[in-house]
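Below is one structure, written out as structure tokens; the observations come after it.
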Amino acid sequence: MTGSNSLPHPPTAPEADRFIAPARVNLLGEHTDYTGGFVLPMAIPFYNHATVTPAEDGYSFSSALFETTRAIALNDRSARIGQWSDYPVGVLRQLQQRGIEPPPFHLHLNGNVPFGAGVSSSASVEIVTAYALLAFAGKKLTLEEIAVLSRAAENEYVGSPCGIMDQFSIAAAKAGHALLLNTRTLHYEHLPMNQGALADTQIVVCNSMVKHSVASGEYGVRHRQVMDGQAVMQQKFPGLVDLGDASLQQLEEARSEMSHESYLRCRHIVSDNARVMLAKDAMFAGDPVALGKLMLEGHASERDDFACSCEEVDFLVDTAATLPGCFGARLTGGGFGGCTVNLVDRTQSEAFSAALRKAYQEKYDIVADVFVCDAVDGAEIRNTTEQTS
Ligand code: GLA
């Protein structure tokens, strides 16, 4: 989503590189993925791609998007350095912890996934790195193992307490489908997005172009508030594994034993888990009205209970809801800026995109990137015999 003025189709997948991983948006189930809940993401056609070539000695990392390169010894085990290369190096560490020691290599990354827009640029880098390094080492892991190790790279090496949604969906997504994932069991289903009247809709992604500086810190704060609330629930209801199992009734019973913030955060999570299940029904029923309503309710819950929206994003969602052809809209991803995801009548999606962009520019003097997106496949190893550099 790089500032083009023309509307509104995203670029196509790069063909030349061997390993590619898309970005994702989430249709419903936000901040539910670190307490065993449900999520409903889909992959969108923005990509990171990787090439990996043999080196004389050591490991080196470069990116067409950053000036800094990084070289480390084969036995390097030093801590993160606070720059982009922490993501691929974190993945390498996880492979090494599993006994996978690739021969010396140079990994080069490129891509067009926007940073800080809530569409998972970091997980996309992690997954493409995992695919590239596994192939280079001549090893195979399951999709689940790749997602789990890529999340662990972020949790343990980069130091962000994210859940599993982004890595899993980028690895496992299927074109034309959303991915319903149980983040505790990692059981997943591909839900078709073309049932009934849903075949006449499209997903429109709107980048607010704002990322509030509190974003990374506030994610950690929310995470702690949720964990505190979940711990109270687990104590009170023996047998309750995590919030993925909890009901609103149980939360009310435990309310007085937790902080007001923890109560609100958990209320968002428990209610969003229920919304994901209802969204599954709406998708199979091919009912965009029901799905759109759930998205709007999900946004209100993120805004009011989880407190992870912001003025600009609320404006985009509120405006979208008034535009012809829009069934629903909400903030997607971690929050505090980033993108909205909109469910829009296919015949009106271009007019919708233009109208939303115009209203936003008039209000905030910001030109939003707006893209009409079909769901694409997850990460792939391209079937070429030659690696490109
Ligand atoms: C970020 C995290 C995910 C998830 C979302 C919110 O994208 O990386 O694990 O928690 O926020 O749903």
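Details
- Here LEU291, LEU316 are screened, and the one residue that is farther than 19 Å from ALA351 by Cβ and assigned to a helix (DSSP H, G or I) is LEU291.
- Qualifying helices (runs of 4 or more DSSP H) (wholly inside region 157-270; at least 3 residues being free of Cβ contacts under 8 Å to residues at least 60 places away in the same chain): 215-236, 248-254
- Test: residue in region 49-56 that is within 16 Å of the ligand (Cβ to nearest atom), part of a strand (DSSP E or B), at pLDDT 95 or above and within 30 Å of THR340 (Cβ to Cβ): no
- Condition check for THR347: β-branched (Val, Ile, Thr) and closer than 18 Å to PRO41 by Cα: no
- When ASP245 is tested against (1) touching a helix residue (DSSP H, G or I) at 6+ places or on another chain (Cβ under 7 Å); (2) buried (at least 17 other Cβ atoms within 10 Å of the Cβ); (3) acidic (Asp, Glu), just one condition goes unmet, and that condition is (1).
- In the set VAL125, VAL113, VAL91, VAL119, only one residue is within 16 Å of the ligand (Cβ to nearest atom), of a type outside the set (Gly, Ala, Ser) and over 17 Å from the mean Cα position of the chain (by Cα); that residue is VAL91.
Each row is one residue, and each column tells you yes or no for (1) among the aromatic types (Phe, Trp, Tyr); (2) surrounded by 23 or more Cβ atoms within 10 Å (Cβ to Cβ); (3) within 16 Å of the ligand (Cβ to nearest atom).
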{"residue": "LEU27", "(1), (2), (3)": "no, yes, yes"}
{"residue": "HIS31", "(1), (2), (3)": "no, yes, yes"}
{"residue": "PHE61", "(1), (2), (3)": "yes, yes, no"}
{"residue": "LEU74", "(1), (2), (3)": "no, no, no"}
{"residue": "SER78", "(1), (2), (3)": "no, no, no"}
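- Matching residues in region 36-48 - criterion: being more than 10 Å from the ligand (Cβ to nearest atom), assigned to a loop (DSSP other than H, G, I, E, B) and under 21 Å from LEU264 (Cα atoms): GLY36
- When TYR131, TYR157 are checked against the criterion of being crowded, with 23+ Cβ neighbours inside 10 Å and either of a type outside the set (Lys, Arg) or within 11 Å of the ligand (Cβ to nearest atom) (or both), TYR131 stands alone in meeting it.
- Flag for ALA354 being out of contact with any His (no Cβ under 9 Å at 6 or more places or on another chain) and surrounded by fewer than 18 Cβ atoms within 10 Å (Cβ to Cβ): yes
- Remark: pairs (first residue in region 7-30, among the aromatic types (Phe, Trp, Tyr); second residue at pLDDT 95 or above and part of a loop (DSSP other than H, G, I, E, B); Cβ separation under 9 Å; 6+ apart in sequence or on different chains) = PHE19/ALA379.
The values are calculated or read from the model by the stated rules, or taken from the named source; none is laboratory data. Everything numeric here is computed off the predicted structure, so don't read it as measured data. FYI the Cβ positions are ideal-geometry reconstructions off the backbone, even for glycines, and counts take in every protein chain you see.
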